[in-house]
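The values are calculated or read from the model by the stated rules, or taken from the named source; none is laboratory data. Just so you know, these numbers come straight off a predicted model, no measurement behind them. When we count neighbours, we look across all protein chains shown, and the Cβ atoms used for this are built from the backbone with ideal geometry, even at glycine.
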Amino acid sequence: MGVETASGRPVGALLAGRTAVITAAAGSGIGFATARRFVEQGARVLISDRHEGRLTKAVDEMQRLTGSRP
């Protein structure tokens, strides 16, 4: 049996079944870190960034780190 939060959800699944939209610079910095953390906690994540190249790198890195493609 794994560790659970006070709400009874397993740690690592705090956002399971939820969807998050990360706008404004999700390709780097705080936006990317937030998106990664949400994915790690089980959320489906949509990210956006003004810079297509940065966004593409972020998506590839997210998939490498978490096994999930935002």
### Message
Based on this model, can you work out whether residue 36 counts as touching a Ser or Thr at 6+ places or on another chain (Cβ under 6 Å), modelled with pLDDT of 80 or more and surrounded by 12 or more Cβ atoms within 10 Å (Cβ to Cβ)?
### Response
no
### Task
Among the residues of the range 2-21, write down those that are surrounded by 13 or more Cβ atoms within 10 Å (Cβ to Cβ) and either over 15 Å from the mean Cα position of the chain (by Cα) or at pLDDT 90 or above (or both).
9, 10, 20
### Query
Do you know which residues across the range 42-68 are of a type outside the set (Gly, Ala, Ser), exposed (fewer than 14 other Cβ atoms within 10 Å of the Cβ) and more than 19 Å from residue 12 (Cα to Cα)?
50, 51, 52, 56, 60
